[in-house]
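Input: a single structure, listed below in structure tokens.
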Ligand code: NDP
């Protein structure tokens, strides 16, 4: 079918690359291009004997548009799948525009010096992508990603209007360390130490970090404390889903994680303000990342399950209706299949599916779109096929 260039070779990319290699009919060729080429080469060495997909590798600095353009022009992919960090979104989008190549990512742009998740920077590319006749698919991970597809599916098949959405992200996994993050520590800690927020009646309501706590009994996991966080898909779903009055996002955290985080915050280790240390400038959070366990190393040690999904409340045929769509994923099963834990797995699989939707022309619209703006049905089918089967509950316990 075609060729995909994958930028980044970390936890999420590794899963997406495994999945592309299982799907050689669509992904005839992939190029893994990242900052550290040795990681790309190691993955190629492991996977090439197992797949028909032809794997190439390259070194690239994705902060540099000219370098990206030269690499895209030499490989000529149909789609660029951005699995580097949110800081690189705009340079990669610029390179896609310059080369008229479709673009897919899993996280919205964030400037290095401001921990603020907003779509405004990427939405500003709408007209240019439309004119160039190419697609940018934003947020094709799990959350954002599958949560948007679930919302579009619920809207299409189960409701006339959706008034309330609660997105619940539960990780019941245990890696045995007192403190470690399940994906890039810098991005993860920026996310959880920021103020919380949700959307009510079209307006953002801000909370202190971890101010709102609920307890929920998750299928496959059990009872967990969860906390309201700001999350990027709230912004796009509030615009794209008809009838929304309130939309919130909750994530589970254990007490040990929160106690460590508070302590690190109190001593200044989570700050993104540069400081001088022995004559050179360092960012405390980046230094902290360097001493924490590499999320990629958690795979073999993590046991338990994740349960991520959305509870919808709205109306169908004039009657009130509740509906819960979720996926349960087992850390050890993921590790056995692709050598990664479930957090990378639940993001890497939808990233591959998003690239496949664009590559096969199943999703075809020129411009910049969030995932819920496409037909959810082929994506929902692909989730079942590629390792993230979903479950439905028509009488879920609601979150107050
Ligand atoms: P990792 O830190 O494990 O991997 C990031 C990769 O990007 C690394 O290989 C890194 O290279 C590479 N990279 C970083 N900067 C550059 C650069 N300037 N040029 C080229 N390559 C670069 O992160 P994750 O795999 O955990 O996360 C990847 C993305 O997925 C992030 O954007 C994250 O926010 C997103 N995500 C989305 C989720 C969702 O559900 N939507 C959930 C989890 C993550 P090097 O190896 O040299 O460090």
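The strands (runs of 3 or more DSSP E) located wholly in the range 167-259 that include 2 or more residues which are over 22 Å from residue 120 (Cβ atoms) occupy 213-218, 222-228, 246-252. Among the residues of the range 377-390, the ones that are under 18 Å from residue 240 (Cα atoms) and more than 17 Å from the chain's Cα centre (by Cα) come to 1 in all. Being away from the ligand (no atom under 14 Å from the Cβ), modelled with pLDDT under 95, out of contact with any helix residue (DSSP H, G or I) (no Cβ under 8 Å at 6 or more places or on another chain) and within 23 Å of residue 110 (Cα to Cα), is that true of even one residue in the range 188-195? So far as the range 188-195 goes, yes, one or more of its residues are away from the ligand (no atom under 14 Å from the Cβ), modelled with pLDDT under 95, out of contact with any helix residue (DSSP H, G or I) (no Cβ under 8 Å at 6 or more places or on another chain) and within 23 Å of residue 110 (Cα to Cα).
To keep it simple, each residue is scored yes or no on (1) within 16 Å of the ligand (Cβ to nearest atom); (2) loosely packed, with under 13 Cβ neighbours inside 10 Å.
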residue	(1), (2)
256	no, yes
263	no, yes
266	no, yes
272	yes, no
275	no, yes
283	yes, no
288	yes, no
301	no, no
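For residue 89, state whether it is crowded, with 16+ Cβ neighbours inside 10 Å, without any contact (Cβ under 8 Å) to a residue 60 or more places away in the chain and either part of a helix (DSSP H, G or I) or out of contact with any strand residue (DSSP E or B) (no Cβ under 9 Å at 6 or more places or on another chain) (or both). Yes: the conditions hold for residue 89. Of all the criteria given as (1) crowded, with 21+ Cβ neighbours inside 10 Å; (2) touching a strand residue (DSSP E or B) at 6+ places or on another chain (Cβ under 7 Å); (3) under 23 Å from residue 156 (Cβ atoms), the one not satisfied by residue 331 is (3). One residue stands out among those in the range 18-42 that are more than 10 Å from the ligand (Cβ to nearest atom) and touching a strand residue (DSSP E or B) at 6+ places or on another chain (Cβ under 6 Å): the one that is nearest to residue 358 (Cα to Cα), which is 27. Filtered by the rule that a residue be within 14 Å of the ligand (Cβ to nearest atom), buried (at least 21 other Cβ atoms within 10 Å of the Cβ) and in a helix (DSSP H, G or I), the range 93-135 gives 93, 95, 122.
The values are calculated or read from the model by the stated rules, or taken from the named source; none is laboratory data. Note that the structure is predicted; figures quoted are calculated from it, not measured. Here the Cβ is made from the backbone with ideal geometry for all residues, glycine too, and neighbour counts use every protein chain on show.
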